Amino acid sequence: MAAAFIALIALLVAPTTALAAPGGAGAGAGADGTVHGGLSRPDYSYANAIRESVWVDTGFDADSDGRTDRVAADIIRPREPARAGRKIPVIMDASPYFACCGRGNESQRKTYDAQGRPVQFPLFYDNYFVPRGYAVVLVDLAGTNRSDGCADVGGRYDVGSAKAVVDWLNGRATGYSERGGGKKVKAGWTNGKVGMIGKSWDGTIANAVASTGVRGLKTIVPISAISSWYDYYFQQGAALYDGGPQWLSDYVESADAKRKCAAVQQQIVDGSPRNGDWTSFWQERDYTAHADKVRASVLLVHGKQDLNVRTKHFGQWWDRLAANHVERGIRLSQTGHVDPFDFRRGTWVDTLHRWFDHYLLGVRNGVEREPMGSIERTPDHWADSAEWPAAATRTTTVRPRPGAVPGLGTLGLAPAGPGSTESFTDDPKIGEDGWSANVDRPTPAKAAFTTGVLKKDLRLNGSGSVTLTAASSTTSAHLSAVLVDLGPARIRDFAAAGEGIKTLTTKSCWGRSTKGDSACYKDTAADTAKVGYTVFSRGWADLGHYGSGKHGVRLTPGKAYRITVRLAATDHVVPAGHRLALIVAGTDAGLLEPADTKPTVTVYLARSFARLPLVGGSRNVPPSATSPAATGRPLHGLPGPVLKHPLPGSAFLG
């Protein structure tokens, strides 16, 4: 019994114990005495911390009530630094979910006492970092919880409300002690250094605020975050979800905002037609276009099987950051839409601790010199990558060829002969799980192309594409292209309710607690499944958007069009002994809305190819493959998703 008690105490204490810093690091300039051995230590009182609310003027009057909107910022900060005349940095999470939906695996919401003072700050950031000399600021986005204004789903009100708080923390905006009236409040306790963090919509706002180039924002940690809202609802003209952003704004808005924001809601409807066309509404919400303004470092986290905020978002954001030489790191799990606190808790807290210490406290701990990437290969087994994508990655062209059996072709380096074709008929009831399970069987809804059995591991990391020359039998057609690892594996069950994790009954504690705000959270473990195939990269497009992609057209039946379908970013190893498959089909059921006709699509193979990010380039690709024979045996995999009105901050609803 004593041994078990000692073990439990060790588990609870470990997260707040300083770890040896890489390279024998020490405190940086401006360290205030709370840094020892390369890490900030929990020397300040959490129970006695200052808890307060400030309403920051955004300069907007989105709700047209005749006064500029104020957004609520709930603040918790250690009392001791201010007494000693020391200024401290800020960790900030700006979210629309603090009242309606909650944050984290346990859906924590903000709570307040009878006088309206903040009591519970969701997530562990306050419990862990406030004793270490940080302030934590949780911002209600415009139109949500205790903030004025209107939610406009990633637009100027959303982004401007969070940016205004960064400006206030740096003395450039006005804060007040009350939502209406009140005294002016200055943030004289902070040095203005801000790190933004958050999952999904929260992380999206971190991306967006960074793309404004606002001064004082030193780092962001976007987790499962959107980089362009168009790509949340569409891909290359094809609608991905049943409904537009007006549903989402209505879901998160406060009762007060719902009464005042009808005009903004109508602007959302008018600006986001469901035809997939690129409008000024989407242009405003494309943060990748302004990546050249990013001053902050970026620690990016995403699930490789996130089918809510799909991996295209991190891929295109990462590529733009790289092009602009932004200091950055990346963590990719096998999960779906899951926070790293729930799939790699101890390592994540340590990483985040060192990251914030370096970029906000100026601690020389070497975190910026560590491997850029850390990738989950199998459940709970991770591999570091000095660069991401790996330096040896080469964009390699692979080509589909017809096989002996219609619908079952090969994939390799050699091109198809002139006039070679494959055809499929769109079946909106079948998706990637049905196509993959029947990859070696001729079925009318897909065309499958497979390599021979690999003699070496084949690693794909980065973003690829599939260029198709195709003709539709009708005036519209949607296309899907997926990459599949054919072979047995145990993977995280991303299709289950927990999207790759299961929640346990035990708890572990990460920081200090009070009666109203516990630092203890339910533990989690990997939820795994055995499969015979793994879909690991996906792309979708409307063939009518074959041109610039900004506006669609009706197709001429029988006419061939050329379109490049952009594949979502990934980092996946197809092991030796497995095969790689490219499947081309129509509607990906559960993920893609069907076209308004039911076409048969003919793909001209000699003018079609895939460009894939392969480590080592073409040398690991079998030069040719044996034409597959129909086996009649379906493979076992995970069931396909059912997505209706998914939220960027929660698991799938449907």
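Quick notes
- Relative contact order computed over the range 204-284 (Cα-Cα under 8 Å; 6+ residues apart), in percent: 27
- FRET efficiency for Thr506 and Asp350, using Cβ-Cβ distance with R0 set to 22 Å, rounded to 0.05: 0.65
- Acute angle (nearest 10 degrees) that the helix 345-356 long axis makes with the longest principal axis of the chain, alpha-carbon atoms: 60
- MRE, 222 nm, helices only [DSSP H, n ≥ 4, -39500 (n - 2.57), over the chain, to nearest 500]: -4500 deg cm²/dmol
- For the chain, the longest principal axis of the Cα atoms and the long axis of helix 262-271 meet at an angle of about 30 degrees.
- For the range 448-549, the Cα-based Rg and Dmax, in that order, read 21.7, 66 Å.
- Residue order for Glu253, Glu80 - accessible surface, 1.4 angstrom probe, largest first: Glu80, Glu253
- Taking 7 Å steps out from each Cα toward its Cβ at Glu52 and His381 produces label points 5.3 nm apart.
- Multiplying the residue separation of Arg611 and Tyr251 by 0.36 nm and subtracting their alpha-carbon distance yields 125.6 nm.
- Relative contact order of the range 539-606, pairs being alpha-carbon contacts under 8 Å that are 6 or more residues apart, as %: 26
- Most tightly packed first, judged by the mean number of other beta-carbon atoms within 10 Å of their residues, the peptides 272-280, 230-238 read 230-238, 272-280.
- Volume per residue that the Cα convex hull of the range 179-308 spans, once the total is divided by residue count, Å³: 147
- Chain lengthening between Thr279 and Arg562 when straightened (0.36 nm per residue, less Cα-Cα): 99.6 nm
- For the chain, the per residue solvent-accessible surface stands at 36 Å², with DNA, RNA and ligands left out and a 1.4 Å probe.
- Taking the average, over residues, of other Cβ atoms within 10 Å as the packing measure, peptides 509-517, 539-547, 459-467 rank 539-547, 459-467, 509-517 from highest down.
- Full extension of the chain segment joining Thr514 with Lys183 gains 116.2 nm, where the gain is 0.36 nm per residue of separation less the Cα-Cα distance.
- Averaging the sequence gap over all C-alpha pairs within less than 8 Å and six or more residues apart, then dividing by the number of residues, gives the chain a relative contact order of 16 percent.
- Accessible surface of Met372, taken over heavy atoms with a 1.4 Å probe and every protein chain present, rounds to 40 Å².
- Rounded to the nearest 10 Å², the accessible area of Trp247 at probe 1.4 Å: 80
- In the chain, the longest principal axis of the Cα atoms and the axis of helix 201-210 are about 80 degrees apart.
- The Cα center of the range 576-602 and the Cα center of the range 502-574 differ in position by 16 Å.
The values are calculated or read from the model by the stated rules, or taken from the named source; none is laboratory data. From a predicted model like this one, the values you see are computed outputs, not experimental measurements. Every residue, glycine among them, receives a Cβ derived from its backbone with ideal geometry; neighbour counts consider all protein chains shown. Protein only, heavy atoms only, side chains kept; ligands, DNA and RNA dropped before computing areas. Shrake-Rupley method; radii C 1.70, N 1.55, O 1.52, S 1.80 Å.
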